[in-house]
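Worksheet for the structure shown next.
The values are calculated or read from the model by the stated rules, or taken from the named source; none is laboratory data. This is a predicted model, so every value here is computed, not measured. Backbone-built Cβ (ideal geometry, glycine too); neighbour counts: all protein chains shown. Each accessible area value is taken on the protein alone, full model and side chains, heavy atoms only, with ligands, DNA and RNA left out. Shrake-Rupley method; radii C 1.70, N 1.55, O 1.52, S 1.80 Å.
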Amino acid sequence: EKGGWSSFMRKEVSEQPEAVSNTLLGRVDEGRVVIPELADFGDDELRAIRRITVIACGTAAYAGMVAKYAIEQWARVPVEVELSHEFRYRDPVLDADTLVVSISQSGETMDTLMAVKYAREMGARTISICNTQGATIPRESDAVVYTHAGPEVAVASTKAFVAQIAALYLFGLHLARVRGTLGPDELAAQLAELQAVPEKLRTVLEQIDRVGQLAHWMADTRSVLFLGRHVGYPIALEGALKLKELAYIHAEGFAAGELKHGPIALIEPGQPVFVVVPSPRGSANLHQKVVSNIQEIRARGARVIAIAEAGDAAVLPFADEVLRIPLAAPLFEPLLAVVPLQIFAMELAQAKGLDVDQPRNLAKSVTVE
Ligand code: M6R
């Protein structure tokens, strides 16, 4: 039930702190990850993995893209992320050393289910990240790590997305311990960052009115671009997807480094561009590059809405609007930066008088191929 909220989506956006904390609940113990559901995957097996292939669709695939950066950095194992429908039909190279991780909120997405079945037939071991107890995909997998986001009713995925990233990060840290790629102190530090996310999400949610106002001013916008780099790149893609599906506005997400390879030609005076700015405390170089991108598009008349960490003053001279997120280690920023983008799409759809819970032409779970 909506319980007093104007929409399920509004409710689910607000439930994101709990979606993350419930997903972590009982899985962190004294600086260590404990995932009893993975008991079947012994340490020897996890050490022997040569490659991880993540399969998912839509928002779940973007959660996989975020996790790729973290798992590769922590566990030093190559991760590829593939859309389930592309994976299934391209004769992928799979063997017993490949771990296939599927991500699905519903656990019923036909494209992902077929890909999981195919991977098993090819001899790969499969883990499912799923939000729905007893759904088909977990039943067809060797093991399941449930996200505990609670039922997600709105067609647009929000709280399941942050819970998926949290579950994948737990898995990545577990893998890093087993494979010996992170020491105990580093592991404990990353886990502390993860556990701090729910409180930081609460802070981000306090800006809901400000983002709503921005969306109302922009209700007549015909096209919006989103730029991000590193873990901000999948967030740019997710911001664009949300805007397409909820507000029926043309939206594109790009890797910021790709601008000069084509997309900058799209910039004309008045073009709104959201830019996810990485923290200057991570890679100063990366931060500087994204700030330069902002200068380049601003010089061509773009209207820049920056999502930047609190205190980052470098964006101020060039951005028309700055939405702030609390300080977090670089890999944890996407969990926070996505929220203003979800709210923006939801509020813009509402400003246009659209049904945010049930956008046209879409189903909550896509059970046909
Ligand atoms: O249930 P699933 O996570 O497998 O669904 C995957 C996509 O269909 C889903 O994330 C879709 O992209 C959402 N409507 C996005 O908000």
To the nearest 10 degrees, the tilt of helix 284-299 (Cα long axis) against the first principal axis of the alpha carbons of the chain is 40 degrees
For Glu80 and Glu321, extending 7 Å from Cα along the Cα-Cβ vector and measuring point to point gives, in nm, a value of 3.9 nm
Sorted list, accessible surface of protein heavy atoms, 1.4 Å probe, largest first, for Trp74, Trp5 is Trp5, Trp74
Log10 I(q)/I(0) at q = 0.11, 0.15, 0.22 Å⁻¹ for segment 1-138, from Debye over equal alpha-carbon scatterers, is -0.46, -0.83, -1.52
Extension length gain for Ala329 and Ala48 (0.36 nm per residue less Cα distance), in nm, is 98.2 nm
Dividing the helical contributions, -39500 (n - 2.57) per DSSP H run of n ≥ 4, by the residues of the chain yields a 222 nm value, nearest 500 deg cm²/dmol, of -14000 deg cm²/dmol
Semi-axes a, b, c in Å (a largest) for segment 1-75, each sqrt of 5 times a Cα gyration tensor eigenvalue, come to 31, 18, 11
Taking N as the number of residues in segment 165-304, the ratio of its alpha carbon radius of gyration to 2.2 N^0.38 Å works out to 1.24
Averaged over all viewing directions, the convex hull of the alpha carbons in the chain casts a projected area in nm² of 17.4 nm²
Length gained if Arg139 through His261 is fully extended, taking 0.36 nm per residue and subtracting the Cα-Cα distance, is 39.6 nm
Taking Cα atoms, the helix 333-351 axis meets the longest principal axis of the chain at an angle in degrees (rounded to 10) of 50 degrees
Farthest towards the positive end of the dipole of segment 249-342, among Ala284, Phe332, Val322 and with Cβ unit charges of +1 on Lys and Arg and -1 on Asp and Glu, lies the Cα of Ala284
Mean shadow area (nm²) of the C-alpha convex hull around segment 230-369 is 9.5 nm²
For segment 102-111, in residue order, the Karplus 3J(HN,Hα) values (coefficients 6.51, -1.76, 1.60; θ = phi - 60°; whole Hz; Gly and Pro = x) are 9, 10, 7, 4, 6, x, 10, 4, 4, 4
In Å³ per residue, the alpha-carbon convex hull of segment 69-173 encloses 100 Å³
Within the chain, the percent of DSSP beta bridges that are antiparallel, given to the nearest 5, stands at 5 percent
The extension gain from His216 to Ala310, computed as 0.36 nm times the residue separation minus the Cα-Cα distance, is 31.4 nm
With every protein chain in place, the accessible area of Asp142 for a 1.4 Å probe, in Å² rounded to the nearest 10, comes to 40 Å²
Treating only Lys and Arg (+1) and Asp and Glu (-1) as charged, each at its beta carbon, one finds that segment 139-291 has a dipole about its Cα centre, in Debye to the nearest 20, of 220 debye
For the chain, the longest principal axis of the Cα atoms and the Cα long axis of helix 232-247 enclose an angle in degrees, to the nearest 10, of 70 degrees
So the number of lysine pairs in the chain with alpha-carbon atoms under 21 angstrom apart, 8 or more residues apart or on different chains, is 20
Projected onto their principal axes, the Cα atoms of segment 254-305 stretch, largest extent first, over whole-Å spans of 32, 21, 15
Taking placed amide H atoms and a strict 5 Å upper bound, the residues 5 or more places from Gly107 or on another chain that come that close are Asn131
Taking trypsin sites (Lys or Arg not before Pro) in a DSSP loop with at most 10 other Cβ atoms within 10 angstrom as exposed, one finds the longest site-free stretch of the chain at 223-359
One would report the Cα pair-distance distribution of segment 142-247, bin width 10 Å, in %, as 11, 31, 36, 16, 6, 0
